[in-house]
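Have a look at the structure below before the remarks.
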Amino acid sequence: MMKSFLVIFSVFVAAVTADNIIAERYNTRHEKRMEKLSELISERKQQLTDHESGHRRLSSEEHSRILRQKSNFQKKLEQLQSMTKEEIDEMVKNEVEAIHRMDAMEYLDFEW
């Protein structure tokens, strides 16, 4: 009886630990994504500043593309920054469930 309890308990602890690792990875990826978007926005701002000062002229097509990218990056960053703890927890929960579904799938084993 005690042995089976220990086995079940160790499986439970391993599952909880795996879920915590997934959650931490998601949070790290979320933070890195916001950092990268901030970096991209700064780059686009610098490109526009260089263009306006005459340091590096952009074609009208490049200028439009950079303006559009800057706007899109800013919107995405604002969206990520405004996510509540509950929204982030829901995203983590969905990712954990997706990983568990993938782990539970039966895969065909092909022999060559």
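The values are calculated or read from the model by the stated rules, or taken from the named source; none is laboratory data. Source: prediction; values computed, not measured. Here the Cβ positions follow ideal geometry from the backbone for every residue, glycine too, while neighbour counts run over all protein chains shown. When the accessible area is computed, the model is the full protein with side chains, heavy atoms only, and any ligands, DNA or RNA have been set aside. Shrake-Rupley method; radii C 1.70, N 1.55, O 1.52, S 1.80 Å.
Structure data summary
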item: Criterion: free of Cβ contacts under 8 Å to residues at least 60 places away in the same chain, of a type in the set (Ser, Thr, Tyr) and either open to solvent by 70 Å² or more (accessible area, probe 1.4 Å) or under 30 Å from Ile22 (Cα atoms) (or both) - qualifying residue of Ser64, Ser82; result: Ser82
item: Residue count for the range 35-47, restricted to those that are loosely packed, with under 15 Cβ neighbours inside 10 Å and either of a type in the set (Ser, Thr, Tyr) or within 21 Å of Arg65 (Cα to Cα) (or both); result: 7
item: Test for Gln46: is it polar (S, T, N, Q) and over 17 Å from Arg33 (Cβ atoms); result: yes
item: Close pairs (9 angstrom Cβ cut-off, 6 or more residues apart or separate chains): without any contact (Cβ under 8 Å) to a residue 40 or more places away in the chain and closer than 13 Å to Asn72 by Cα in the range 35-55, among the β-branched types (Val, Ile, Thr) and assigned to a helix (DSSP H, G or I) anywhere; result: Arg44/Ile66
item: Test: Glu95 is open to solvent by less than 80 Å² (accessible area, probe 1.4 Å), among the acidic types (Asp, Glu) and touching a His at 6+ places or on another chain (Cβ under 9 Å); result: no
item: Residue selected from the range 74-99 under the condition over 13 Å from the mean Cα position of the chain (by Cα) and not in a helix (DSSP H, G or I), by the criterion modelled with the highest pLDDT; result: Ser82
